[in-house]
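Encoded as structure tokens, the structure appears first; notes follow it.
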Amino acid sequence: TKAIVDTIAVELRQKKALGNAYALVSPGNYGLDFMKKEYNYDLDKSVKCSNFIGETIDIVCQLGFEGLIITGHIGKLIKVAGGIMNTHSHEADCRMEILSSCAVRAGAGVNLARQVLDCLNTEEALRLIDADGRLKATMDIVVEKILFYMDFRAKGRLKLGCILYSNEFGLLAESNINGVLR
């Protein structure tokens, strides 16, 4: 774990030394690929943070970046919407519980909430939420919660943005990317 976090810190220091005001991060290669495909973003400017969302936020704050934008798959970042800052499956998993509660906040009924709770993965849950006509509203709430918990970790020291996608639905929601990627 320490070696991975140290590598993230080295890469972020390099980006800061190159004059980047924003840290652009993703838990994995799929998120980086999504940034390249959807935003034509130069991947040499981004950093893979693995499961260590919280530690990455801490490092970004310590290095004095102006902001941080995270891009990730719903299956990974839904955990951050519940305040989980280490998204490894051995650390915590309540993906369906968080997704279900966000759907309820978006107006879903108890039957849909139960169906989501019974899903094996987030893509399956998204299909149900979409069929109920609540996908956009639910994803907006998810991003709002992700930003809330990231800001809580950063103690208000960063401008934060989030890009959330799924393999089946593509871009689910984006918030506060401040023209950094477009």
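Find the accessible area per residue for the chain; the probe is 1.4 Å, ligands and nucleic acids are left out, and the unit is Å². Could the numbers behind the result be given before it?
Numbers: 8720 Å² over 182 residues.
So the chain comes to 48 Å² accessible per residue, rounded to a whole number.
For the stretch 7-12, backbone phi angles converted through the Karplus equation (6.51, -1.76, 1.60; θ = phi - 60°) give residue-by-residue couplings of 5, 4, 5, 4, 5, 5 Hz, Gly and Pro being listed as x. Computed about the Cα centre, the dipole magnitude for the chain is approximately 440 debye when only Lys and Arg (+1) and Asp and Glu (-1) carry charge, each at its Cβ.
The smallest convex shape that holds all Cα atoms of the stretch 24-101, its convex hull, gives 97 Å³ per residue.
Spread over its residues, the convex hull of the C-alpha atoms of the chain is 103 Å³ per residue.
Applying both filters, DSSP loop and at most 15 other Cβ atoms within 10 Å, to the GluC sites (Glu not before Pro) of the stretch 98-182 gives GLU168. Dipole orientation for the stretch 82-175: of the candidates GLY133, ILE98, GLY83, GLY83 has the Cα lying most toward the positive pole (charges on Cβ; Lys, Arg +1; Asp, Glu -1). Considering only alpha-carbon pairs that sit under 8 angstrom and 6 or more positions apart, the relative contact order computed for the chain is 22 percent. Calculated on C-alpha atoms, the gyration radius of the stretch 104-148 divided by its Kirkwood radius gives an Rg/Rh of 0.96.
Summary of the geometry: the stretch 136-182 and the stretch 71-118, compared by the centres of their Cα atoms, lie 15 Å apart.
Across the stretch 36-51, computed HN-Hα scalar couplings (Karplus, 6.51 cos²θ - 1.76 cosθ + 1.60, θ = phi - 60°) run 5, 5, 7, 10, 6, 7, 5, 5, 5, 8, 10, 10, 8, 9, 6, 8 Hz from first to last residue, x flagging Gly and Pro. The string of couplings for the stretch 64-71 from the Karplus curve (6.51, -1.76, 1.60, θ = phi - 60°) is x, 5, 6, x, 9, 10, 10, 10 Hz, one whole number per residue in order, with x for Gly and Pro. Shown are ARG157, ARG95, whose ranking by accessible area with a 1.4 Å probe and every protein chain present, most to least, is ARG157, ARG95. Each Lys and Arg contributes +1 and each Asp and Glu -1, all at the Cβ; summed about the Cα centre of the stretch 93-176, the dipole is approximately 460 debye.
Pairs exceeding 22 Å between alpha-carbon atoms, taken from LYS15/LYS36; LYS45/LYS136; LYS48/LYS76; LYS2/LYS37; LYS45/LYS79: LYS45/LYS136; LYS2/LYS37; LYS45/LYS79.
Helix-derived [θ] at 222 nm for the chain: sum -39500 (n - 2.57) over DSSP H runs of at least 4, divide by residue count, nearest 500? Could you put the intermediate results ahead of the total?
Values: 8 runs with 91 residues, N = 182.
It comes out at -15500 deg cm²/dmol, rounded to the nearest 500.
Across the stretch 68-125, counting alpha-carbon atoms alone, Rg and Dmax equal 11.6, 37 Å. Atom-type composition of the exposed protein surface of the stretch 78-173 places 49 percent of the accessible area on carbon and sulfur (1.4 angstrom probe).
The values are calculated or read from the model by the stated rules, or taken from the named source; none is laboratory data. Computed from a prediction, not measured in an experiment: that's the story for all the values here. Neighbour counts are summed over all protein chains in view; Cβ atoms, including those assigned to glycine, are modelled from backbone coordinates with ideal geometry. Accessible surface areas use protein heavy atoms only, side chains included; no ligands, DNA or RNA. Shrake-Rupley method; radii C 1.70, N 1.55, O 1.52, S 1.80 Å.
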